[in-house]
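These notes concern the structure reproduced below.
The values are calculated or read from the model by the stated rules, or taken from the named source; none is laboratory data. Predicted, not measured: the structure shown is a model, and the values here were computed from it. Cβ: placed from backbone, ideal geometry, glycine included. Neighbour counts: every protein chain shown.
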Amino acid sequence: KVNALNDVEKFLLYLQLPTGISTPSSSHSGSLAPKTEQMHAETWIRSHLEEDPDTCMPKSEIYDDYKMFCERHKNKWLNIGDFNRLLKATFPQVKARRLGNRGQSRYCFSGIRARGHMTVPSLPLIHTTEVADSEDEDSLDVSPAASNVICQWASKLFSQPFTSIALLGKYLIANNYVSSNSLNAFTVLADHSPDTPDSQAEPAEGGFA
């Protein structure tokens with residue numbers, strides 16, 4: 001069964017294995033990262049980095065960016081060792097390198113670069129049973145229309161303009177209408193598209209009655 005797992009799944013399984021005799025001092029070492037933090041880290045890695053055989057990035061720079069992202073969104077983060085192992089499991093072609101003269105060298109990951117445009121998994125479309133089961137090729141696509149209706153409803157409710165479900169999701173997370181600790185919330189927040197108005201993130205006055 002283990003051989004059927006991919007590299008990332010093997011790494012996540014490895015993190016859950018016991019590391020030896022448990023002692024009071026080691027029980028708080030944080031060597032076993034919670035699964036939620038692992039999923040958050042993998043989502044960040046896949047949305048912010050991509051493989052490129054001609055470039056390299058300092059390990060500290062990558063980890064600092066990841067940690068600052070977690071701090072900004074009040075999420076816990078992996079320690080640097082677990083993070084680096086997860087990164088190499090996510091991108092198996094990436095290699096650790098030491099560049100520069102001894103005493104002035106920098107430890108880098110070779111074969112990786114920051115994405116020019118952050119990509120995140122697409123939000124699920126809103127479907128209805130009637131449309132999914134319909135065989136009429138001329139039937140209207142209800143999903144965009146339903147999204148527009150939801151955005152119009154939310155705009156009236158919060159007195160804020162919402163032009164997409166993604167903007168509405170960010171607003172709900174930023175104003176604590178939903179938890180920011182879920183994987184779905186982390187994925188939405190990972191999108192740094194420049195078309196998000198600053199006003200969308202401002203706290204609403206009063207919230208729900």
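Values as computed for the structure displayed
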| quantity | calculated |
| --- | --- |
| Count of the range 47-66 residues which are in a helix (DSSP H, G or I) and surrounded by fewer than 17 Cβ atoms within 10 Å (Cβ to Cβ) | 4 |
| Selection within the range 70-88 - in a helix (DSSP H, G or I) and in contact (Cβ under 8 Å) with a residue 60 or more places away in the chain | Asp82, Arg85, Leu86 |
| Some residue of the range 91-111 being in a helix (DSSP H, G or I), modelled with pLDDT of 90 or more and not assigned by TED's automatic domain parsing to the domain that holds Val178 | no |
